[in-house]
Amino acid sequence: MGLCDGQIGYALVPMIARGIMLGTDQPVILHMLDIPPAAEALNGVKMELVDAAFPLLKGVVATTDAVEACTGVNVAVMVGGFPRKEGMERKDVMSKNVSIYKSQASALEKHAAANCKVLVVANPANTNALILKEFAPSIPEKNITCLTRLDHNRALGQISEKLNVQVSDVKNVIIWGNHSSTQYPDVTHATVTTPAGEKRVPELVNDDEWLKSGFISTVQQRGAAIIKARKLSSALSAASSACDHIRDWVCGTPEGTWVSMGVYSDGSYNVPAGLIYSFPVTCRNGEWTIVQGLSIDEFSRKKLDLTAEELTEEKALAYSCLT
Ligand code: LMR
């Protein structure tokens, strides 16, 4: 499974080989793809995977040929792309990446296993996923998603630090929209498990000003903050969140818990249909379903619409890059 490149790929492959993505009883065969100048380094990663003697790892394909990489894969994690550097907005990387996704779409469509699940991580993740969907029309739209679990996990981390509670006791935050600085991290429906039962996050935090500004901007800007600090974009947290995304999609979300996934909009919550937009979802039997019926107040409505507008613009820009 998988397509891989650079930092995220290097963090991701040992997690997959250890069973963090698909479970500790699921053997895996890794397919890793990189560009020809990186072929020797990719072979070095293959050597390391052999040296680590992972009991679950039943084979490694390291290749610079997209057809070989895609052949027979059940799960494709698309981390390859031109990375964002300090000072760049996601739109800047758009033209470089949409053409990559167009060509990878056709390799996946023709050669991946039927029902292959696709997770796009490389930015602009939502729009890359949309391009992939449009240029791989025979892959069911439900099988093409993008990563906003990283933002979801960042939101859990911020709430856990603010309230000084275990991150595993916080649940049901939501990331709406784009994996960009217009995303809307929403804690309206989030809860914390306490000895006295489930408590609502807004009541526990009791600081509307922080929830409506500092919290939101910290999560929105976290990717940029990591780039500034590391001089490289996030890798271990992106890889770990990619494992969370696929594991919950394949194995199911715990009862009473939802997660955020970038999925093809059906118009739920009045989000324009035909965008890849992050929604709260639950997963059962390998299928995600958008959580319905959550109340959306006026503040949230504006935020949902703003990030949808950005995605609509990105979609138009992506198409203009392709023509
Ligand atoms: C992240 O969120 O850390 C990555 O998507 C990198 C970026 O460009 O923000």
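Observations on the model:
- Based on the reciprocal of the average 1/r between different C-alpha atoms, the Kirkwood radius for the stretch 247-323 equals 13.7 Å.
- Alpha-carbon gyration tensor eigenvalues x 5, square-rooted, for the chain, Å: 31, 22, 19
- Set of lysines near LYS162 by C-alpha distance (under 26 Å), chain-local residues within fewer than 8 positions excluded: LYS171, LYS199, LYS212, LYS228, LYS302, LYS303
- Qualifying GluC sites (Glu not before Pro) in the stretch 185-284, where qualification requires a DSSP coil assignment and no more than 14 other C-beta atoms within 10 Å, comprise GLU255.
- Sorted by Cβ neighbour density within 10 Å, fewest at the top, the residues ARG284, ARG222, ARG200: ARG284, ARG200, ARG222
- Shape call, the stretch 28-142: gyration tensor on alpha carbons, a/c limit 1.5: oblate
- Taking every DSSP beta bridge that has both ends in the chain, the antiparallel portion is near 60%.
- Between HIS189, HIS152, HIS31, the GNM of the chain built on Cα springs shorter than 10 angstrom shows HIS189 fluctuating the most.
- Think of each Lys and Arg Cβ as +1 and each Asp and Glu Cβ as -1; about the Cα centre, that makes the dipole of the chain roughly 300 debye.
- Charge dipole of the stretch 137-219 about the Cα centre (unit charges at C-beta), most positive-ward option of SER180, ILE159, THR191: SER180
- Of all lysines in the structure, the ones whose alpha carbon falls short of 20 Å from that of LYS133, not counting any fewer than 8 places away in one chain, are LYS91, LYS96, LYS102, LYS110, LYS117, LYS142, LYS315.
- Between 0 and 90°, nearest 10: helix 149-163 axis offset from the chain longest Cα axis: 40
- Of LYS171, LYS231, LYS133, the one that fluctuates the most in a GNM where the chain has Cα springs shorter than 10 Å: LYS231
- The residue among THR253, ALA239, VAL205 whose Cα reaches farthest toward the positive pole of the charge dipole of the stretch 198-308, with charges on the beta-carbon of Lys, Arg, Asp and Glu, is ALA239.
Coordinate-derived values only; no laboratory data. This structure is a prediction, so every number in the text was calculated from the model and none was measured. Glycine also receives a Cβ, built like all others from the backbone with ideal geometry; neighbour counts cover every protein chain displayed.
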